[in-house]
Amino acid sequence: MSRSKKESSTISMGEAMATPSRKSITDAPDRIEESGGVQPGAMQYDYTNFYFGAGEDAFALLGPFDDWWQEVKPAGYYMYELPLQTAPGTRVDVEDTKTGGIREGLINFASYNYLGLSYRPEVKEAIKEAADVYGGGASGSPILSGTTELHRRFAEEVAAFKNKEAALIFPTGYSANVGTIAGLMRSGDLIVADQYAHASVVDGMILSKATSKFFRHNRADDLERKLKGFDGKKLVIIEGVYSMDGDVPPLGEIVEVCRKYGARLMIDEAHSAFVYGENGRGVVEDQGFEDEVDIHLGTFSKSLGGQGGYVAGSSALVNYLRGFSRSRFFSCALSPVVVAGLRKALELAVAEPELRAKLWDNVAYMQKLLADAQIPIGDSTSQVIPIMVRDDARIFAIGEEIFREGIFINPVKYPAVGKHKSRFRMSISASHTREDLEQGAAIFQRVLQRYGICP
């Protein structure tokens with residue numbers, strides 16, 4: 001699964017359920033049927049059941065988990081990690097690991113390739129040219145031998161694009177969040193994040209050892225309650241587009257609260273940088289608060305179609321994080337060939353604003369198609385459109401039918417989202433055609449009608 005609403009953080013100390021024994025799974029009366037289906041006995045468990053276990057052996061959970069996994073994988077969990085046979089375009093060929101066959105020409109609503117840049121000929125050519133010069137990998141940490149001229153120039157280009165003094169490049173968006181948060185905050189400090197913050201934000205909070213709190217989603221009044229009365233360093237963390245709901249934060253209200261209590265503000269624009277705003281600089285530009293946000297963070301794996309993450313801000317911030325972001329300091333630098341592709345993708349994103357215009361046209365068209373079909377999509381206003389099923393028991397069965405009728409999309413259920421909030425997460429691209437969108441909406445409507453999700 002991908003970045004999601006409190007992905008791994010959903011499994012908390014207080015929420016972890018008792019771990020079933022090996023016998024309780026393998027000897028359950030409702031075992032796997034000969035057809036390969038699985039009965040509710042095994043499906044009543046999920047990953048949280050295997051988070052804690054008794055005993056002295058660190059491997060004690062492996063056997064019970066594996067027994068459970070062998071039963072539930074053919075019932076739906078196999079739909080994760082399906083190997084693509086093609087580039088992540090709007091139509092993809094995907095291996096069906098349940099049947100062993102290849103499903104060709106599926107409409108792709110699973111990939112983040114919002115601007116369709118990852119497979120552009122110009123990007124591929126830049127990658128090939130860099131491979132001829134630099135080879136396959138960086139072969140070193142950024143602070144040692146891993147930094148090339150490409151890395152240096154790209155960091156400068158990202159900073160210029162974001163209108164900031166400096167930027168720091170990370171191997172992944174995950175490491176950017178972990179390294180920035182844990183690199184800046186310490187024990188005795190306070191971090192308050194939106195309750196739907198990404199798992200990498202949560203992990204950074206844990207690693208920082210700071211006091212960590214969550215405020216109710218997009219509720220500035222609850223943020224104020226969490227900040228009030230704390231005497232010390234404070235950091236507030238929000239996202240530009242929340243990756244499971246597709247909604248955006250009320251930046252003005254949040255900025256006002258942060259100013260009132262002297263808290264620094266960090267925004268993770270993984271799903272909004274390069275697509276929101278007149279120049280693509282993100283939700284901060286779109287809502288007019290670029291200068292009020294202290295830490296600008298994002299990824300290159302979404303709109304630029306590559307890999308990696310960045311943090312942008314003042315030179316003082318970047319210089320400090322250069323020495324204290326352990327996830328960057330102790331990781332191999334991004335491959336130069338990836339950086340070359342990203343530089344070209346950024347150049348195209350800036351030079352072709354019509355890509356953003358096409359994306360938003362596609363988003364509006366798909367949302368209308370879904371609304372006309374009375375398919376529930378929550379409060380999404382972005383290119384991330386959740387198809388709300390709210391049926392944990394049937395989400396995989398619905399997903400299989402959608403898959404076999406011609407759509408590549410991932411089912412999402414607890415613990416990636418809350419219980420009874422299961423859904424499919426649709427990602428819209430500028431490269432989708434009207435035919436892609438119309439066929440996709442028709443398939444969703446046809447399948448969801450069978451399950452009573454829409455009329």
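The values are calculated or read from the model by the stated rules, or taken from the named source; none is laboratory data. Everything quoted here is computed from the prediction, not taken from an experiment. Because the Cβ atoms are built from the backbone with ideal geometry, glycine has one as well, and the counts that use them run over all protein chains shown.
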R446 meets each of (1) of a type in the set (K, R); (2) part of a helix (DSSP H, G or I); (3) crowded, with 23+ Cβ neighbours inside 10 Å with one exception, condition (3)
Taking helices (runs of 4 or more DSSP H) that fall entirely within the stretch 307-405, which contain at least 3 residues that are closer than 19 Å to R120 by Cβ and within 21 Å of the chain's Cα centre (by Cα)?
336-351, 354-372
Filtering the stretch 117-152 down to residues that are under 27 Å from the mean Cα position of the chain (by Cα) and of a type in the set (V, I, T) yields V123, I127, T147
Failed criterion for I169 (all others in (1) under 22 Å from the mean Cα position of the chain (by Cα); (2) among the hydrophobic types (A, V, I, L, M, F, W, C); (3) modelled with pLDDT under 95 hold):
(3)
Number of the exception - G116 against (1) at negative phi; (2) in contact with a Gly (Cβ under 9 Å, 6 or more places away or on another chain)
(1)
Consider the stretch 97-146. How many of its residues are touching a Leu at 6+ places or on another chain (Cβ under 8 Å) and without any contact (Cβ under 8 Å) to a residue 40 or more places away in the chain?
1
Name the pairs: first residue in the stretch 38-57 and modelled with pLDDT under 85, second residue exposed (fewer than 13 other Cβ atoms within 10 Å of the Cβ), Cβ to Cβ under 8 Å, at least 6 apart or on different chains?
Q39/E33; P40/A393; G41/P29; M43/A393
Residue check, Y365 farther than 30 Å from K98 by Cβ and surrounded by fewer than 21 Cβ atoms within 10 Å (Cβ to Cβ)
yes
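Is it true that D222 is in contact (Cβ under 8 Å) with a residue 40 or more places away in the chain and either under 30 Å from V389 (Cα atoms) or crowded, with 24+ Cβ neighbours inside 10 Å (or both)? Explain how you work it out, then say what you get.
On the way: in contact (Cβ under 8 Å) with a residue 40 or more places away in the chain: no; either under 30 Å from V389 (Cα atoms) or crowded, with 24+ Cβ neighbours inside 10 Å (or both): yes.
No: the conditions fail for D222.
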Any residue at all in the stretch 115-124 that's surrounded by 16 or more Cβ atoms within 10 Å (Cβ to Cβ) and assigned to a helix (DSSP H, G or I)?
yes
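How about the stretch 88-101: which of its residues are touching a strand residue (DSSP E or B) at 6+ places or on another chain (Cβ under 8 Å), surrounded by 14 or more Cβ atoms within 10 Å (Cβ to Cβ) and part of a loop (DSSP other than H, G, I, E, B)?
Within the stretch 88-101, P88, G89, T90, D96 meet the criteria.
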Show me the helices (runs of 4 or more DSSP H) found entirely inside the stretch 136-239 where at least 3 residues are over 16 Å from F300 (Cα atoms).
173-184, 199-208, 220-227
How many residues are under 28 Å from G183 (Cβ atoms) and in contact with a strand residue (DSSP E or B) (Cβ under 8 Å, 6 or more places away or on another chain) when one looks only at the stretch 334-364?
2
Tell me, yes or no, whether the stretch 102-112 has at least one residue that is charged (D, E, K, R), at pLDDT 95 or above and surrounded by fewer than 17 Cβ atoms within 10 Å (Cβ to Cβ).
yes
Restricting the stretch 244-268 to residues that are among the hydrophobic types (A, V, I, L, M, F, W, C) and part of a loop (DSSP other than H, G, I, E, B), the residue that is nearest to L321 (Cα to Cα)
A263
Looking across the stretch 269-288 at residues that are in contact with a strand residue (DSSP E or B) (Cβ under 9 Å, 6 or more places away or on another chain) and part of a loop (DSSP other than H, G, I, E, B), the single one that is nearest to P171 (Cα to Cα) is A270
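One residue is enough: does the stretch 162-173 have a residue meeting the conditions without any contact (Cβ under 8 Å) to a residue 12 or more places away in the chain and either in the same structural domain as M244 (by TED's automatic domain parsing) or over 30 Å from E285 (Cβ atoms) (or both)?
Looking through the stretch 162-173, none of the residues is without any contact (Cβ under 8 Å) to a residue 12 or more places away in the chain and either in the same structural domain as M244 (by TED's automatic domain parsing) or over 30 Å from E285 (Cβ atoms) (or both).
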